[in-house]
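Student: This is the structure I have questions about; it appears just below.
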Amino acid sequence: MTTTQTPLLNIKNLSVEFGSVGNPFRAVEGLDLTVQQGEIVGIVGESGSGKSVTMMAMMGLLEGQGRIVADDLTFDGKNLLTISGRDRRKIVGKDIAMIFQDPMTSLNPSYTVGYQIMEVLKVHQGLRGAALQARALELMELVEIPAAKTRLHAYPHQLSGGMSQRVMIAVALACNPKLLIADEPTTALDVTIQAQIMDLLVNLQKERNMALIMITHDLAVISEVAHRVAVMYAGQVVEIGKVPNLFRHPTHPYTEALLASIPEHSKGARRLSTLPGIVPGQYDRPKGCLLSPRCLYATEHCHQERPGMTQHDTGAVRCFYPLVDKEAV
Amino acid sequence: MFSFLLRRIGVLIPTFLGITLLTFTLIRLIPGDPIEVMVGERSLSPTLHAAAMKRLGLDQPIATQYMNYLGQLLHGNLGTSLKTQENVWVEFKTLFPATLELALAALAFATIVGLLAGIIAAIKRGSIFDHGVMTISLTGFSMPIFWWGLILIMLFSVLLGWTPVSGRLDLAFDVQPQTGFMLIDAWRAELADPSLNAGAFKDAVKHLILPAIVLGTIPLAVIARMTRSSMLEVLREDYVRTARAKGLSPARVIFVHTLRNALIPVLTVIGLQVGTLMGGAVLTETIFSWPGIGKWLIDAIGRRDYPVVQNGILLVASLVILTNFIVDILYGIANPRIRHAK
Ligand SMILES: Nc1ncnc2c1ncn2[C@@H]1O[C@H](COP(=O)(O)OP(=O)(O)OP(=O)(O)O)[C@@H](O)[C@H]1O
Ligand code: SF4
Ligand SMILES: [Mg+2]
């Protein structure tokens, strides 16, 4: 992380709070994340660790729900913390686009697929008439939807999950975004379709050299496609590092447990079998290190204080006692 | 869509049969027959009474009477009023526009105000406006129409003198019923003879306002609450999040992506209000001396005018059923998942 290039996305010390001011729940806490142009960053972590909330906060989709604080939240030279709603809407959906976990409910049931693709083209690029039609068709073909021309007139309920996700990708790519956020894009799909969608996303990323944040439970896939991976736990990034280093030599006990819980190249588990207990929720967050109740290496120190991020050669880790790579010694 | 239509129509036949049976039975359960009511205090010899009953066909066994009634209906014959000897259908046709005008005005008032209030309350959820709408609509929903009508008359007609107390038009105007809709007839009359009928239209509007508000209050409350809750539900949908993630303006998110889906159940509820309106019209017309179907039916029940009661209610019920039927179809059109169902 010694690169001097200014990152496309720079998040410094981001916190997101829900609930009342007197009794807040920190869904995201002290989160740092950078994404370079054309980079694929994976984010992994158990359910409820704050992956989606982080991305929604950045996109401005938490409006009126979460309170967002950060030292820096910059995308493409624009400060997303102070930006007006109007200016944000010129970026969101155009330069940053997002696709979601459940494609079947993410499309509006009352409008045709074509309408929902053309809508972004109209709003952000002012396309009209034949040019608009042609571009929509082009996008449908880009995401490899068969019989694209007739499908433009289809309603979402007439499409399968995989097809719906392809449409969502077409909508997201419509204005050639610099950053695409894919929030568990394959979790809701059949296993056979999952690989297809993942391949499509990675190919499109390469073709257009756009940055991609891939949120997933599937560690096997992320180890193959991502350049860097951030591991989240209870609202914090506990480890971030380059691939394959992070997978070969995890330095955080949680990353280690996460890796140990997947049988070689199979689907990641939503719950960890190798660590007892579950992610602490709103009311049972420990005083010390958030992992301390479950950590196999926890000491008294861990129960009393929260560790900060420590930088090392290929990344950073949030632990008082980072695991030493025994082979490297 | 076709089989969807067929299924809906299939339900209609038993519904109509049920209604005929119900009105036929209920009116006969009220003590006193038409002849007794007509004669009143004066006594009538049993032979004369029996002769009169025989003339009306009321001496036959009840089941036969019912079958005769159904047979009449099948021939499209709605019978004649026992009192006026006028055809029931003709009477209905003459009086119905007054009720329809009142009901439409009430529904327009309830729909426009209810939708607006519900939408704004949902968008500004938890605000003072939201709490205000919720409280007022809860009150409106349980408002006794009779009492509410009298309160409004006292305030606006008696105290402030803004609106007339009763009727559809001041007697000073010379307006011939053409369409039966007073607003239209008064408008035309004013155009035709400006010297005589100057201000007739405005006067008709003034007469209509208060009854329309009274009749529209309960539907207004229902529509406002339904709109609010339906909007809130749709606002939580994934596709609304998608719409916002596309960078669409708040207005587009609300009007294009939320409202259309939120309105589907509201549309159904608005359709169902036709029943409430017809029921409410009876009371409202009585309070404001509005010469419509409601008042006509109340009078007919008082006189045990069997044909008028049976067929008048049947006509009103058909109307309610028909609108509900149309609402069903519209619901199907608005919702592509139903439209495309095989
Ligand atoms: N609008 C909200 N109001 C209150 N709490 C919320 C809200 N959105 C999310 N949370 C809470 O924030 C925490 C993090 O949620 P988030 O959706 O980011 O998890 P995630 O890492 O994306 O999990 P998953 O893998 O299940 O998608 C959860 O405990 C969730 O209950
Ligand atoms: S700080 Fe302590 S409890 Fe936390 S992860 Fe490291 S060893 Fe475990
Ligand atoms: Mg999530």
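Student: Consider the range A:120-154. How many of its residues are over 24 Å from residue A:188 (Cβ atoms) and either part of a loop (DSSP other than H, G, I, E, B) or of a type in the set (A, V, I, L, M) (or both)?
Tutor: The qualifying residues number 12.
Student: Right, here's the next one. Name the residues in the range B:235-252 that are more than 10 Å from chain A (Cβ to nearest Cβ) and either modelled with pLDDT of 95 or more or in a helix (DSSP H, G or I) (or both), would you?
Tutor: Matches in the range B:235-252: B:235, B:251.
Student: So residue A:58 clears everything in (1) over 13 Å from the mean Cα position of the chain (by Cα); (2) within 14 Å of chain B (Cβ to nearest Cβ) except one condition, right? Which one?
Tutor: Residue A:58 satisfies every listed condition except (1).
Student: Still on this structure: Which one of these is away from ligand 2 (no atom under 16 Å from the Cβ), in contact with a Gly (Cβ under 8 Å, 6 or more places away or on another chain) and of a type outside the set (Phe, Trp, Tyr): A:50, A:64?
Tutor: So the residue among A:50, A:64 that is away from ligand 2 (no atom under 16 Å from the Cβ), in contact with a Gly (Cβ under 8 Å, 6 or more places away or on another chain) and of a type outside the set (Phe, Trp, Tyr) is A:50.
Student: Please determine, by comparing only the residues of the range B:10-54 that are of a type in the set (A, V, I, L, M, F, W, C) and exposed (fewer than 10 other Cβ atoms within 10 Å of the Cβ), which one is farthest from residue B:66 (Cα to Cα).
Tutor: In this case the residue turns out to be B:13.
Student: Right, next: Residue A:101 is checked against (1) more than 16 Å from ligand 3 (Cβ to nearest atom); (2) touching a residue at least 60 places away in the same chain (Cβ under 8 Å); (3) touching a strand residue (DSSP E or B) at 6+ places or on another chain (Cβ under 9 Å) and fails just one. What number does that condition carry?
Tutor: Failing condition for residue A:101: (1).
Student: Yes or no: the range B:221-234 includes at least one residue that is on the phi < 0 side of the Ramachandran plot, in contact (Cβ under 8 Å) with a residue 12 or more places away in the chain, crowded, with 19+ Cβ neighbours inside 10 Å and within 14 Å of chain A (Cβ to nearest Cβ).
Tutor: yes
Student: To continue, here is another question. Among the residues of the range A:24-47, which ones are within 12 Å of ligand 1 (Cβ to nearest atom) and not in a strand (DSSP E or B)? Don't jump to the end; show me each part of the working.
Tutor: At the first step, the residues of the range A:24-47 found to be within 12 Å of ligand 1 (Cβ to nearest atom) are A:24-29, A:31, A:43-47.
Passing the criteria: A:45, A:46, A:47.
Student: Go through (1) assigned to a loop (DSSP other than H, G, I, E, B); (2) within 16 Å of ligand 3 (Cβ to nearest atom) for residue A:222 and report which single condition fails.
Tutor: (1)
Student: Taking residue B:289 and the conditions (1) away from chain A (no Cβ under 11 Å); (2) surrounded by fewer than 19 Cβ atoms within 10 Å (Cβ to Cβ); (3) in a helix (DSSP H, G or I), which numbered condition does it fall short on, given that it satisfies the others?
Tutor: Of (1) away from chain A (no Cβ under 11 Å); (2) surrounded by fewer than 19 Cβ atoms within 10 Å (Cβ to Cβ); (3) in a helix (DSSP H, G or I), only one is false for residue B:289: (3).
Student: Turning to a different aspect of this structure: Being part of a helix (DSSP H, G or I), without any contact (Cβ under 8 Å) to a residue 24 or more places away in the chain and surrounded by fewer than 19 Cβ atoms within 10 Å (Cβ to Cβ) narrows it down to one of B:333, B:326, B:301, B:321, so name that one. Let's see the steps before the verdict.
Tutor: Numbers: B:326 fails: without any contact (Cβ under 8 Å) to a residue 24 or more places away in the chain; B:301 fails: without any contact (Cβ under 8 Å) to a residue 24 or more places away in the chain; B:321 fails: without any contact (Cβ under 8 Å) to a residue 24 or more places away in the chain.
Only one candidate passes the filter, namely B:333.
Student: Quick check on the range B:130-140. Is at least one of its residues touching a helix residue (DSSP H, G or I) at 6+ places or on another chain (Cβ under 6 Å), surrounded by 17 or more Cβ atoms within 10 Å (Cβ to Cβ) and of a type in the set (D, E, K, R)?
Tutor: yes
Student: Step by step: first the residues of the range A:66-119, then only those that are of a type in the set (Val, Ile, Thr) and part of a loop (DSSP other than H, G, I, E, B), then the one that is nearest to the other protein chains (Cβ to nearest Cβ). Which residue is that?
Tutor: Filtering the range A:66-119 for residues of a type in the set (Val, Ile, Thr) gives A:68-69, A:74, A:82-83, A:91-92, A:96, A:99, A:105, A:112-113, A:117.
Of the ones still in play, those that are also part of a loop (DSSP other than H, G, I, E, B) are A:82-83, A:112.
Numbers: A:82: 18, A:83: 12, A:112: 9 Å.
This residue is A:112.
Student: Can I ask one more? Select from the range A:290-306 the residues that are of a type outside the set (A, V, I, L, M), under 14 Å from residue A:255 (Cβ atoms) and surrounded by 18 or more Cβ atoms within 10 Å (Cβ to Cβ) and list them in ascending order. Spell out how you get there, then give the answer.
Tutor: In the first step, residues of the range A:290-306 are kept if they are of a type outside the set (A, V, I, L, M); the result is A:292-295, A:297, A:299-306.
Still in the list and also under 14 Å from residue A:255 (Cβ atoms): A:294-295, A:297.
Selection gives A:294, A:295.
Student: When the range A:190-249 is examined, which residues are found to be in contact (Cβ under 8 Å) with a residue 24 or more places away in the chain and among the hydroxyl-bearing types (Ser, Thr, Tyr)?
Tutor: The answer is A:216, A:223, A:233.
The values are calculated or read from the model by the stated rules, or taken from the named source; none is laboratory data. Just so we're clear, the structure is a prediction, and the values are computed from it rather than from any experiment. Methodologically, a virtual Cβ is constructed for each residue, glycine included, from the backbone with ideal geometry; neighbour enumeration extends over all protein chains shown.
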